[in-house]
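The values are calculated or read from the model by the stated rules, or taken from the named source; none is laboratory data. In this text the structure is predicted, and so the values were computed from the model without any measurement. Using ideal geometry, Cβ is built from the backbone for each residue, glycine included, and neighbour counts are taken over all protein chains shown.
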Amino acid sequence: MKHLKWIIPVAIVIILALWGVGFYNSLVNLNLNADNQWAKVEAQYQRRFDLIPGLVNSVKGVLTQEQAVFGAIAEARTRYSGATNVNDKVQAATQMESALARLLVVMENYPQLKSSDTVQSLMTELAGTENRISVERMRFNDEIKNYNSKVQMFPGNIFAGMFGFSKRAFFEAVKEAAQAVNVDLNVNK
């Protein structure tokens, strides 16, 4: 009977320790899954940024008066490559999307661009990349939801803080992304 007094508390401690190790490992796994998914988003952003110079150069010769659009695209690429965290990268990517939207509107007004095989090929590649970016962003947010659920739900919220895990931010487009792009092609102003 004397051994029974010690066996039960030791068994409880061992069970709690095993649960703690399992919980910690699951947080590490969820955090790594989120990081991996963000890397996939960034890979698609990089694909977009690699396609854009070819598109811009194909269009530049015809649209010399649209230098503001080309400047906005170059600035967004620079901001993205200099971004050091997810939020800054999201803002730069949104700035790029806005500049691309203006470029697409401009291109619609120049039929000779639509007939160019190079421009059409690049536009098709870019459209596919935009779809991939959208899918990867949704998957990233799904991973963040799984991670945040584990970190915020009881009793995980107590232990997550002890292990140094905290809530992570979802991918959210900046407020300006919801506004329509206004492109004025009136050169005679």
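What the table below lists for this structure:
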item	result
Single residue of the stretch 3-34 satisfying the filter (surrounded by 13 or more Cβ atoms within 10 Å (Cβ to Cβ) and not polar (S, T, N, Q)) that is modelled with the lowest pLDDT	GLY20
Subset of the stretch 114-163 that is among the polar types (S, T, N, Q) and within 16 Å of the chain's Cα centre (by Cα) - its residue that is surrounded by the most Cβ atoms within 10 Å (Cβ to Cβ)	THR129
Cβ pairs under 6 Å, 6+ apart, first in the stretch 133-155 and under 14 Å from VAL90 (Cβ atoms), second of a type in the set (A, V, I, L, M)	GLU136/VAL41; ARG137/VAL41; PHE140/VAL41; ILE144/ALA34
Subset of the stretch 61-79 (residues that are loosely packed, with under 13 Cβ neighbours inside 10 Å and modelled with pLDDT of 85 or more)	THR78
Cross-chain or 6+ apart pairs with Cβ under 6 Å, the stretch 74-88 first and closer than 19 Å to ARG137 by Cβ and without any contact (Cβ under 8 Å) to a residue 40 or more places away in the chain, then crowded, with 16+ Cβ neighbours inside 10 Å and among the small types (Gly, Ala, Ser)	ALA76/ALA92; ALA76/ALA99; ARG79/ALA92; TYR80/ALA92; ALA83/ALA92
Listing of helices (runs of 4 or more DSSP H) fully contained in the stretch 80-180 that carry 1 or more residues being of a type outside the set (Gly, Ala, Ser), farther than 18 Å from LEU51 by Cα and modelled with pLDDT under 85	86-108, 111-114
